[in-house]
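Below is one structure, written out as structure tokens; the observations come after it.
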Amino acid sequence: ILPICGNPVPFHISTIKNVVLPDPDSAAYLRINFYTAGMAVGKDCPENMAKLVQKYAPYATFIREMTFRSLDRHSLTTAFRQISELRKRARMRELEEKEEANLVKQDKLIRTRNERVPRLADLTMRPVFAGRKTQGNLEAHSNGLRFLSTRGEIVDVMYANIKHAIFQPCENEIMVLIHFHLRNPIMVGKKKQQDIQFFTEVVDASQAVDAGRRSMYDPDEMDDEQRERQLRKRLNEAFKEFCRKVETVVRKNGHTLEFDIPYRDLGFTGNPHKEMVSIQPTLNCLCNLTETPFFVVDLSNVDHVHFERVTFMSKAFDVVLVNKDFTKQPWRVDMIPNGDKESIQEWLTDMEISYTEGPMNLNWKQIMTTVEGDDRFYMDTEEDEVTPKEAGWEFLRMFGKDDDGDEESEQESVYSEESGQEESSEEESEEADFDEEDSESDYDADENLEEQGMDWDDMEREAAADDRRKKRDGDEYGGAARPPPQRKQRRRR
């Protein structure tokens with residue numbers, strides 16, 4: 001409510017663009033700016049206010065700003081703070097409504113009353129509530145899982161909404177975790193989340209190191225390592241037993257849920273977001289679960305995989321996973337070492353996913369726009385059904401097809417049958433040219449062929465005769481240099 005000519009006039013908080021409190025001199029000032037026509041409203045403008053400005057802009061009169069002056073600075077400062085907080089709350093409420101607009105309504109959790117429920121205690125949940133570390137207990141009930149934090153916050157995950165459940169034991173990591181990739185996002189705090197994770201740290205991510213160097217035979221250090229190994233084993237067994245009990249409860253209540261374990265021997269390092277992480281495939285996903293933000297790609301949604309920057313000069317390459325929904329942009333994993341390329345391609349072949357490779361990065365936004373508008377993308381002919389074209393993702397293949405050798409051999413066999421006489425005539429002409437070259441050279445091919453057919457005794461006798469001939473020639477010329485030999489006449493058969 002603003003005073004205008006001594007009268008209180010109400011203004012909705014969504015009409016206010018910003019509030020400014022200039023530096024005071026002899027008096028304090030407060031300037032309030034409003035959304036008006038003829039100027040950019042900005043991305044923070046409420047949606048309803050933007051529509052009203054556009055609707056009434058042709059004929060309505062707008063107030064652009066109002067400035068208030070007061071000798072009491074405290075009153076204007078209080079008004080500035082209250083207006084700013086009210087604008088912030090209204091903005092957050094609008095964002096929450098926009099987030100919840102597309103949410104799929106979830107069923108209510110049915111708690112198990114008459115029997116003991118599977119439970120894991122002292123877990124940490126990611127993502128967190130309002131930027132704080134969220135710890136609590138995880139329980140498995142009749143139709144879903146419930147996480148109850150120590151501050152009373154509740155997160156329910158229905159079995160029917162879980163698309164993939166992954167159990168990753170602690171081997172080379174600092175945590176053992178259970179991860180759920182959901183079919184439909186749920187609200188965690190004030191944001192929509194499609195991946196929920198519960199984990200326990202085996203060792204602290206950061207440890208205080210003593211100033212002095214410790215020996216590898218230090219009894220205290222050996223005891224710490226032994227306790228850490230025992231803790232890893234105990235936590236892995238506890239999480240594994242919890243997963244087994246959850247699967248039993250799920251089957252008992254008519255749902256379907258199985259926990260996957262990542263294949264560590266097929267893992268590789270890459271950069272899906274902004275840092276290098278370890279990426280491991282499971283039976284249904286390609287994922288990185290230890291670092292945030294999570295990277296989980298459902299293989300059933302992958303239509304094709306393309307390898308970029310595959311050259312002999314580069315030490316790393318990039319992988320692009322194309323979504324079956326062409327309206328969505330592909331997933332990317334950058335900076336994968338070249339040594340992992342063959343294992344990744346073998347894994348893709350086993351998963352029956354096609355792949356291509358090329359030497360450069362491609363403009364995927366433009367490619368997806370073109371592919372989305374092509375109704376005959378997977379067909380090998382144009383719209384006239386006569387003109388041939390590359391079917392599907394074959395246009396990305398820059399190094400040739402794998403079956404080129406078979407096709408070339410078939411073409412060569414057909415060609416040899418049709419033009420056998422021409423090839424025989426060409427071979428005869430080539431043999432004649434070769435005979436002429438041999439007659440002009442000092443090298444006797446016939447004698448060489450005969451030498452190749454001699455046995456050891458014949459070769460020894462010929463070597464002894466050659467030595468005697470050289471000795472006799474040296475005595476005849478008195479040790480002087482032997483004159484150059486005359487050109488041999490080719491022996492005629």
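The values are calculated or read from the model by the stated rules, or taken from the named source; none is laboratory data. Computed from a predicted structure; not experimentally measured. Quick reminder, even Gly has a Cβ in these numbers, built from the backbone with ideal geometry, and neighbours come from all protein chains shown. Heads up: the accessible areas ignore ligands, DNA and RNA and are worked out on the full protein's heavy atoms, side chains in. Shrake-Rupley method; radii C 1.70, N 1.55, O 1.52, S 1.80 Å.
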- prompt: Restricting attention to region 58-87, which residues are touching a residue at least 40 places away in the same chain (Cβ under 8 Å), open to solvent by less than 100 Å² (accessible area, probe 1.4 Å) and charged (D, E, K, R)?
  reply: Asp72, Arg87
query: Within the bounds of region 349-356, is there any residue that is in a strand (DSSP E or B) and of a type in the set (S, T, N, Q)?
result: yes
Residues being surrounded by 14 or more Cβ atoms within 10 Å (Cβ to Cβ), under 46 Å from the mean Cα position of the chain (by Cα) and not in a loop (DSSP other than H, G, I, E, B) - total across region 14-48: 8
task: Give me a count of the residues in region 299-324 that are of a type in the set (Ser, Thr, Tyr) and in a loop (DSSP other than H, G, I, E, B).
output: 2
message: I need the full set of residues from region 251-282 which are of a type in the set (Lys, Arg) and in contact (Cβ under 8 Å) with a residue 12 or more places away in the chain, in order please.
response: Arg264
Only listed residue being modelled with pLDDT of 95 or more and out of contact with any His (no Cβ under 8 Å at 6 or more places or on another chain), chosen from Asp303, Asp325, Asp318: Asp318
task: With respect to Asp334, determine if the residue is part of a helix (DSSP H, G or I) and either open to solvent by 30 Å² or more (accessible area, probe 1.4 Å) or touching a Phe, Trp or Tyr at 6+ places or on another chain (Cβ under 6 Å) (or both).
output: no
- line: In region 283-305, anything in contact (Cβ under 8 Å) with a residue 24 or more places away in the chain and in contact with a Phe, Trp or Tyr (Cβ under 7 Å, 6 or more places away or on another chain) is listed as Cys287, Val297, His304, Val305
message: Quick check on Lys51: is it closer than 30 Å to Ala130 by Cα, open to solvent by 100 Å² or more (accessible area, probe 1.4 Å) and either at pLDDT 85 or above or assigned to a helix (DSSP H, G or I) (or both)?
response: no
- prompt: Among the residues of region 224-282 satisfying the criterion of being modelled with pLDDT of 90 or more and of a type in the set (Asp, Glu), which is nearest to Ala140 (Cα to Cα)?
  reply: Glu247
- prompt: So how many residues does region 276-298 have that are assigned to a strand (DSSP E or B) and aliphatic (A, V, I, L, M)?
  reply: 5
message: Residue pairs, Cβ under 7 Å, 6 or more apart or interchain, first in region 338-351 and touching a residue at least 24 places away in the same chain (Cβ under 8 Å) and hydrophobic (A, V, I, L, M, F, W, C), second in a helix (DSSP H, G or I) and open to solvent by 60 Å² or more (accessible area, probe 1.4 Å). List them.
response: Trp347/Leu266
query: Looking at region 283-331, which of its residues are of a type in the set (Ser, Thr, Tyr) and buried (at least 20 other Cβ atoms within 10 Å of the Cβ)?
result: none
task: Output the qualifying pairs, or none if there are none: Cβ atoms under 9 angstrom, residues six or more apart or on different chains, first residue in region 225-236 and touching a residue at least 12 places away in the same chain (Cβ under 8 Å) and closer than 12 Å to Ile174 by Cα, second residue among the polar types (S, T, N, Q) and surrounded by 12 or more Cβ atoms within 10 Å (Cβ to Cβ).
output: Leu235/Thr200
Scope region 103-127; condition over 18 Å from Leu257 (Cβ atoms) and in contact (Cβ under 8 Å) with a residue 60 or more places away in the chain; matching residues: Leu103, Val104, Asp122, Leu123, Thr124, Met125, Arg126, Pro127
task: With the checklist (1) out of contact with any strand residue (DSSP E or B) (no Cβ under 7 Å at 6 or more places or on another chain); (2) without any contact (Cβ under 8 Å) to a residue 24 or more places away in the chain in hand, flag the one item Pro359 doesn't pass.
output: (2)
